Amino acid sequence: MKRHLILGSILLVATVACAQPPAGETAGDVGVVARYADQVITGAELDEAVKAQLISLRQQEYELKRQQLEQTIYERLVERAAAAAGVTAAQYTEQQVTAKVGEPSEEEIQKVLTQYRARLNPDDAKAREQVVGYLKQQQQAQLNADLKDRLFREANVEILLEPMRFEAKVAADNPTRGGGPKAPITLIEYTDFQCPFCGRVQPTLAQIMERYGDSVRHVFKQLPLPMHPQARLGAEASLCANAQGKFWEMHDWLFANKDKIARDTLVTEATALGMNAEAFAACLDGNTFGARVDEDMSEARSFGITGTPGFLINGIAIRGAMPFEEFTRTIDSELKRQGLPVPAPASGTATGG
C-alpha cells in the first residue's frame, strides 16, 4: 500500500541587519523591535526567546524534506522495478506487498486481544475482527518497509540532504559507555528518570550498544522536567553515584523504580550498590551536582530539546522515544559518511523501543 505524505508549509522569515541605519534613525535604535514606557525590546532578546521554537521548525522542515525525498526515490524505484518486470507500479506493489499479507496466527491474535481487550469492541467477534485487521496492517507496513529497504540497497541510494547539527560538549566526567572519545558515533541522551517514555526507550538504546559496540559512545545528560517532582533529585543522585563509579547501576535502578525516588530510599540503594553511603548522602544533601544538572538542561534547550527523551547523534537531533530503526538509520548514515562499514542486523533482531 502506497504511503501518502501530507506536507505542511513552513514560513521562514529572514532579517537583515545593516551597518548604516536609515535616515532619521539613530544608532541606538538599531536592533530595537519594540518600545514600551521607557524600555525597549531588541531583536537579540526576541531571537533568544523563540530560539527553541525556531530550531524545532527548522528540524521539522528538514524532516519533511527528507520524508518527501525518500518517498520520491521509492516511487521511482518501484516504477523502474515494475517496468523491468513488465507490470504496472500498482501491480508490482500488489505482488510484492499486498499479496504476501497472510492470516495472523492464533497466538498473535490472542496476545493482542489480551493486551488491548479493554480498548476493543465489547462484542468478542468484532473485537477479534479489529485485531486481525490491525495485525494485517502491521504485516503490510513491514512488507512495505522491507521492499523499500531492498530497493534502496540494490540502487545504492545515497541521501545527500544535510541535516542540522548541534555541537555539544562532552566533559571528562560525563557518564559514558561503549566507545571512547575517538568512537565514530557519539550518541548523547538528554533524559528524565521519571519520564515513562525515557524508560521505554532504554531497551532500544541497549540494542544499539549491542549492535554497534565500541563504534558508539553513549553519553548521558540530564533533563529533569518540572512536571516530574522527583526527577531532579534522581538526576543529582545519578551523578553522585557517578562520582563513585556506579552511575549505570544507579541509572538502571532509577528507571526501574521511578515512583520510589526519595532521599532516604536513594541512600539505602547506594549502600546496596556498594557505595560509601555517607559520601553519597553528603553529595546529595550538599546539592553537589546541581550546577551540572542546570548546565545539561540549558544545553539541551539551546538545541531546541525541551521534552524528553532527546538525543544527538553526531550532532543530529532525534526527539522522542523513537523506534530502533530511526536510530540505526542515522547511525548507519553517519558510518557511511565516514567511509566505515555498517554492521548487518542480527537475524531475528526485535525492533521498537
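Our estimate of slack between E107 and E79, defined as 0.36 nm per intervening residue step minus the Cα-Cα distance, is 6.4 nm.
Quick one: net charge of L77's neighbours, Cβ under 10 Å, K/R +1, D/E -1? Working shown, then result.
On the way: positive: R76, R80, K148, R150; negative: E75, E79, E154.
After counting each charged neighbour, the total is +1.
Using the Cβ-Cβ distance between A344 and Q140 with R0 set to 30 Å, the FRET efficiency works out to roughly 0.75.
Relative protection proxy for 158-168, 56-66, from highest mean packing down: 56-66, 158-168 (other beta-carbon atoms within 10 angstrom).
Of all DSSP-defined beta bridges confined to the chain, some 70% are antiparallel rather than parallel.
Full extension of the chain segment joining K169 with D149 gains 3.8 nm, where the gain is 0.36 nm per residue of separation less the Cα-Cα distance.
Placing +1 on the Cβ of every Lys and Arg and -1 on the Cβ of every Asp and Glu, with nothing else charged, gives the chain a dipole about its Cα centre of roughly 740 debye.
Shape of region 188-293 from its Cα gyration tensor (a ≥ b ≥ c, root eigenvalues): rounded if a/c is under 1.5, otherwise prolate when a/b > b/c, or oblate? Judged from the Cα gyration tensor, region 188-293 comes out prolate (a/c at least 1.5, a/b above b/c).
Shape summary of the chain, radius of gyration then Dmax from alpha carbon positions: 25.3, 80 Å. With one equal scatterer per alpha carbon and no solvent term, the Debye-computed log10 I(q)/I(0) for region 56-154 at 0.11, 0.17, 0.20, 0.22 1/Å reads -0.52, -0.85, -0.93, -1.01.
The slack in the chain from R200 to A125, taken as 0.36 nm per residue of separation less the alpha-carbon distance, amounts to 23.8 nm.
No value in this document is a laboratory result; all are computed from the given coordinates. Remember, it's a predicted structure, so these values are computed and weren't measured experimentally. Positions of Cβ are generated from backbone atoms using ideal geometry, with glycine treated the same way; all protein chains shown enter the neighbour counts.
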